[in-house]
Each structure stands twice: as structure tokens, then as C-alpha cells.
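Input: a single structure, listed below in C-alpha cells.
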Amino acid sequence: MRFIFLFTLLVLTACQSDNPTTQVVEMYNSSGDMVGNATLNESEDGVGIELKLEGLEPGFHGIHVHEFPKCEGPEFTTAGNHYNPEGKEHGLMHPEGPHIGDLPNIEADAGGLVEAELMLAGATLLDGKNSLLNEDGTSLVVHEGQDDGVSQPSGESGVRILCGEIKKDKDSEESEESPTDPTESNEEQKE
């Protein structure tokens, strides 16, 4: 019975990882510590982002999708510029904007925690011009300061302090085989 349950769980997990409409992005600080994640979900209006982060300075921070899936610290400049496949100006308040990668500011509470739901309007995780997974992918970057929503080229939001890679084949870098459970044979012997 236990074997059937584990087998079913493995099959369901494998099916979920092939779902291109949901992706979990691990977020790292400049020291290489994982400080949270962003769950991306395909929707009618774009890509919804459920963000859970810790370790930020209290206050507002700019957050953007950048053009390359490369998060090499400490400055994360390898992520490139904001993701802008339509060639628009930066800023949610700019009359000739925004970039596809522009998002509203997030706010860290007094303890440095962020829990936010954002919408990346016009973007997709599926195929298309505005896909976050075109080419090699993109990245999600949090900045030290608040984005003013208008200044070029990036809203004067300061240095990049967190980064997470958005990749189509992010699991391909991991081993194909999952580790075995050393207690599995113990359970079988007890039965």
C-alpha cells in the first residue's frame, strides 16, 4: 500500500514539474543565501507572482524582470537590463512605458519580510513574443531602493540586492536520478 502511495506521489510530482504555467523561482542575496521564492503563474492578464522574501531592509524596494537568467553576485549585473521586448520606456507611470519587466514596488515590513502578490501584465510563461522563457529565460531582481516609476533607464531604484533565475529547463541541470531513501528497506522488512 505504501509503495502505491509513493509511486502515485512521484507520478503527480513529475506531472507538475512539466507544467509550463507555474514555476517557482528561488531568490538569492548577494552572499548566495536563499532568502525566499517567487511562484509564477500563467493567467489571462499576464503572469501572477506570489512573492515571499526575508532579510530585506524595511521599506519599499523596486522589483523587475531582467533580460538574462544569470544571477552572479554580488551585483547581479549579469541579469542585464529590464526585460523589454516591446522597446518601451521604463516605468509604470511613464506615458511611453512600461517595460514588460516593470513591476510595482514591494514593501518589506519592520522584520524585513515581504509577502506580496504582483501581476506582470502582458507577460507569459508560454510561447510568444513576451514570454519570460524565450531564449534562455529571464531573471527576477529586487533592488535596494524604491522605483520612482518614471526615471530612465531603471527608476533609480539602486543596486540589485536579490536575484532569481527564470528558466525553461531549470531542472535539466539537476541529476536525473533521485536519491534513494535508506530507510525504505527498513520499512519493507518490518511488514
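Hey, what's the Kirkwood Rh for region 20-170 if you take every pair of different alpha carbons, in angstrom? Provide the component values of the computation, followed by the final result.
Details: mean 1/r = 0.0671 Å⁻¹.
The answer is 14.9 Å.
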The simple spin-label model distance between residue 77 and residue 34, using points 7 Å out along Cα→Cβ, in nm, is 2.9 nm
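Please state, as a whole number in µm²/s, the translational diffusion coefficient that the Stokes-Einstein equation yields for region 20-87 at 20 °C and 1.002 mPa s, with Rh defined as the Kirkwood radius across alpha carbon pairs.
Here the translational diffusion coefficient equals 159 µm²/s.
Coordinate-derived values only; no laboratory data. Since the model is a prediction, treat every value here as computed from it, not as a measurement. Ideal geometry is used to build each Cβ from the backbone, glycine not excepted, and the neighbour counts take in all protein chains shown.
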